[in-house]
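Each value in this text was obtained by applying a stated rule to the coordinates, not by laboratory testing. Predicted, not measured: the structure shown is a model, and the values here were computed from it. Here Cβ is always computed from backbone atoms with ideal geometry, including for glycine, and neighbour counts include all displayed protein chains.
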Amino acid sequence: MWHRRLGHPGPEAIRHLVGSSRGVRLLTGGSAISTIDCDACGTSKLHRQVRRAVKEALLREKPADRIAIDFHDYDEGYEGYRYTLLVTDRSSSYTWDFYLTRRTTDILLTVITDFLTLLSTQYGARVKVIETDNEILKHPRVVSEIESRGIRLEPCAPNTQAQNGGAERIAATIKQRARAMASGAKLPDILWPEATKASTYLYNRTPTASRCWRTPYEVFHKHFWAAEAAPYARPDLSHLRAYGCKAFAMTRQAQLKQNRRQRLAPRAFIGYLVGYSSSNSFRIWNPLRDEVFTTRDVVFNEKQFFNGNLKELAEEFRYMDLQEIQERITQLIDQTNRTTIPQDADEEADEVVEDYEHAELSDIAALERGTPPPEDALYTKARFQLMTPPETPPPPSAFFTALRSTLLDVRGREHSDHPSKTSEDSKTIPPLLRWAPRTSFKAAFLAGSAQPRAQKTYKDKTKRSMDGPAACCTWADHPLSARVGWEASETTTGVGCTRKAAIDEIDLQQGASAVAEQKPESERHPRSTNTYGAQRSPLGDPWRTLPALPTSHDQLAPRNNATKAHPFAREFLEAEQSHLRGHETSRSWREVAKSEARGHQVLGCHWVYTYKLDKHGRLAKFEARLVIRGDQQAKDARDTYAATLAGMSFRILMALAARFDMELLQYDAVNAFVHATLDETVFMQLPPGYRRPGVILRLQKALYGLRRSPILWQRHLEAGLRALGFSRVAGENCCGQRGQVTFFFYVDDCVLAFPREHSADAQEAINALQKRYHLEGGKDLQWFLGIEVIRDRSTRKLWLSQAVFAEKVRKLITPRADNAEAPEERAYTPMTKTELFPNDGEAAPWEINHYQKRVGTILYAAVMTRPDIAFAASRLARFNHNPGPTHHKAVERVLRYLYNTRYLCLEYGATPGSDDDTLEVASDASFADNTLDRKSSQAFAMKLFGGIVAWKANKQTTVTTSTTEAELLSLSQAAREALFASRLIGALQVQLPTESMPEAQFATPTRTQPTIQIQCDNQQTVRLVNAELVQLQTRLRHVDIHNHWLRQEIAEHRVSVAYTPSAQLMADGLTKALALPQFKIFCQQLRLSDQRALLERNRECELVEEDERQVAEAMKNDVWDMEARDLPDTDNMAKT
């Protein structure tokens, strides 16, 4: 927390914080946050390494003797500022910051003379030397003024900023911390003056190693203060709060004690901390009004921060009544009042509050009328002052009375406690309040955020602004006013609010249909039509032609006519209705009054929309799922982890199915999570688009999004399987067996595997499961987790393909201008032999994100069905944090290779009694092939019944001193994985071949599995683990441990190691980049085969089946007339 409060300093500064400041308490035993532990620091503080020697003169000079001036340019920011002028005391590093709208001679002269006067008056100090760059020399009047005061000017040489190194380094630190603070707080870029101001404030109060872990504030002030006041030179940091945290600031009416009879009116509004004016005055940003102001009456919630979504900020309180808002603010005020914030004598006074409270009544009245005061008073008061809190709208109590009456009128009083009673208040309330429920509600709880923008022309200048009133712009001209917030017309006229009121009256059963009836058919569904306007069904369209998915319910039912509905709004609304009907059937929740949730958290929820595609990538169905905001749920100590089927387990099951010609039937558990009963009390808001005031939901079933939903579903399914006689397979939590019927699942995707002669047992099991769960499917397994399963039952072979996934990889490949692939870009191997090194420069955030996305795509294919790119994926993933041009080029090559070889499939199936009818394991290592850290690469590969089921390519965690040691560590890893796979195969009732049983058997009496033979291409390592009384001479203790463990397993006949030449080792290509001839052999060893003809033939058969299904569906629903309307009228076209 102190890392956030102090503006993201380094770990050493945090460790020395207690001894260098007051009001700080740190927990003992904890480690300080380093740059790589904080995302905001990691993305903001990287810099070039520059060495700067300390000037000898600085060691002799006193504070204020020598100062440095540095200028920094920015894009136009808040209040029109474009420049920062930093003045640094070279002896203490204490820094003053000034913000300028223009860099003219008059402004610079005013800044420098005022600063020199400040030092002379407050500290009795006279500056002797000013270090600066060449910017000052461009202004002769400024140079003349400095020299007339007897100050020596030391400009640096042209284009040699290193001579001004001290100021440059301090400025870089301030900018780095400002960047980290703004990034962590998700502030808009236009607020850079506030972030820089806060960064400078915190830098002066952060201990540094160059000052013996004292703060610049202490070093500077201690020199000028008397000895008895020296202990108070250490800054008090008790008032600091986490930068960007949520703040509840008191309104101006509450400060002035106006409208005191409105007892239930909100006394505070929501903002975010962006800076400090003094030890008890804070800079608060109101994102809805785009204002920054100073206030003393504020409390903070340091656990919540701005998430960058203004709409969500407004929606957060939209369905809370006034009493709930008041209770929430009161609770935070009570928590904060327990710790008082002291006022330091050395801090600046609370100028804004004091000046405003003692201002003339005429000035206050002028401000309330929106009339600006005289320009001279504006400039006098604005130079070192900050903006005042926003004004308060009309009395909110009257608004809530009108709002209640309006809702009763619109809803036909269906939710009123007294339906027959007519509200008299609605007759006296003006139309402005009666027909602006959304915006006025926002204005009520934000207490001032709905004032018309055009009426506010007076804006205070922020602190240390040295520009005159001529450079001050009105709020309507402010650049931020067009970027964030709502327009005044909606506030004053209520335009667009009647539609929201109508949407609010939609109930849970009739919501979608009522919304759909509000617009004409052509406006509600502006999809593609044929020449004569008949709507065409989107089902069957390829995924590439589909529009972007809606992100919220508002896109399906816009609140105003200016926003167009989604092209498939009707279909997604119907999907919402279908999803809600499913919840109604399963009794996932029950409606309760909000009062029942007292003392409990009410979680939000949102809709997630998706296109359900068939196996060809064509649109098959529209889906909408209600997901609860589990991220808002408080964490506790209960388990949330739910196991999923491992990729190796799935491939082993596929190898067994191919070898023993087993049946594979696939099922989908519909709304899987809601089958599980919730074991805690959880309240949730009504779904968006179907909400009603005063009503929430109490959950009875586990919904998607809850932290514990996955494990509750897993426990529920496991309990159901045990009740049906299934027993869990040892080593795989997501697999169970009952006799010779095997059931495995991945969340809600379920597969039943069994020999053909046990079909009756399998049907009995699935009938029992369907009585407990809603299972759809029952056809042969063709797709599982995006992997296509192809079988040839006559030859007992099975292939796993990710061709469809690899086709989508093409969109990640940078296209050429001529849309052609140059010969040099044709990747026949995934990686060249050239080693990759770290990037010397600094990658932009978007480059890092793009690189990580592409590497993640490669990694998914590498761990599922493409071991040929495993080594490349391992190498590329090492540069995720700072990729350079060579890394982007390398990842581009892998993507091109993956796309060009998209028809490669993993092949399974072995002839009974052949050499492949067993478990094969190979291990390999590449000694010290990483130049930077001299660590070795290691890998293993494992085959079962002729098909590869497990592989891994990674870098060893320790440095080895010889090839033998590297091979020994790799061999140990392969042995561990092989023993686990052998136990899993035995748990699945499979007996591997032995000397007495030459063929593998399924569902035989349990026997001891045969010895696992591991292939190794290093003879010294083979001799080391097999020979007797051999001792490895090394100082690395872990190597000795691995050696003894392997020798133990070999002595127990669980593992054996045999020498295999590198050319015949199937793991050789997992530790190094191979040339094309060797790489082709490597792919053959992995049994990766091109099955393009088989895949295309399957596509044609599936298309024919799909066409027959659509014809049958059309005949069933009698839609031939609709298809006739879709076809163009050829006769009329011919006449035309």
- Message: Going 7 Å from the Cα of LEU546 along its beta-carbon direction, which residues of the range 789-818 have the amide nitrogen within less than 19 Å of the resulting point?
- Response: 803-812
- Item | Ascending count of other beta-carbon atoms within 10 Å, so fewest first, for TRP799, TRP96 | TRP96, TRP799
- Distance from a point 7 Å along Cα→Cβ of ARG1099 to each backbone N in the range 599-619: keep the residues under 12 Å and list them by number. 616-618
- Could you work out how far apart the two model spin labels at ASP929 and SER238 are, taking each label as a point 7 Å from the Cα in the direction of the beta carbon, and quote it in nm? 6.2
- Task: Figure the gain on full extension for PHE224 and ARG211 (residue separation times 0.36 nm, minus the Cα-Cα span) and round it to one decimal in nm.
- Result: 3.0 nm
- Going fewest to most other Cβ atoms within 10 Å around each Cβ, VAL804, VAL682 line up as VAL804, VAL682
- Note on the structure: The extension gain from ASP1107 to ASN767, computed as 0.36 nm times the residue separation minus the Cα-Cα distance, is 119.4 nm
- What does the charge count near ALA658 come to, summing +1 for each Lys or Arg and -1 for each Asp or Glu among other residues with Cβ under 11 Å from its Cβ? +3
- Message: I'd like the Karplus ³J(HN,Hα) series for the range 887-895: coefficients 6.51, -1.76, 1.60, θ = phi - 60°, whole numbers in Hz, and an x wherever there's a Gly or Pro.
- Response: 6, 5, 5, 5, 5, 5, 5, 5, 4
- Item | Per-residue HN-Hα couplings for the range 77-87 [Karplus 6.51, -1.76, 1.60; θ = phi - 60°; Hz; x = Gly/Pro] | x, 4, 6, x, 6, 10, 9, 10, 10, 9, 10
- Message: Test of understanding: ordering LYS1080, LYS1072, LYS197 by Cβ neighbours within 10 Å, fewest first, what list do you get?
- Response: LYS1080, LYS1072, LYS197
- Message: Assuming 0.36 nm per residue, please report the length gained on full extension of the stretch LEU539 to ARG102 beyond their Cα-Cα distance.
- Response: 151.4 nm
- Would you calculate the separation in nanometres between label points at GLU76 and ALA760, each defined as 7 Å from the Cα along the Cα-to-beta-carbon direction? 8.5
- Which parts of the range 875-903 would a label at ASP840 reach, counting a residue when its backbone N lies under 20 Å from a point 7 Å out along Cα-to-Cβ? 879-890
- Message: Quick one: 3J(HN,Hα) in Hz for the range 976-991, Karplus 6.51/-1.76/1.60 with θ = phi - 60°, rounded, Gly and Pro as x.
- Response: 4, 5, 5, 5, 5, 4, 5, 5, 5, 5, x, 5, 8, 6, 10, 9
- Note on the structure: For the range 912-1073, percent of DSSP beta bridges that are antiparallel (nearest 5) comes out at 70
- Note on the structure: If amide H atoms are modeled at 1.01 Å from N in the peptide plane, then the residues at a separation of 5 or more from VAL729, or on another chain, having amide H under 5 Å from its own are CYS735, GLY736, GLN737
- Highest mean first, what order results for 854-862, 169-177 on Cβ atoms within 10 Å? 169-177, 854-862
- Distance between modelled label sites at GLU623 and LYS635, nm, 7 Å Cα→Cβ extension: 2.9
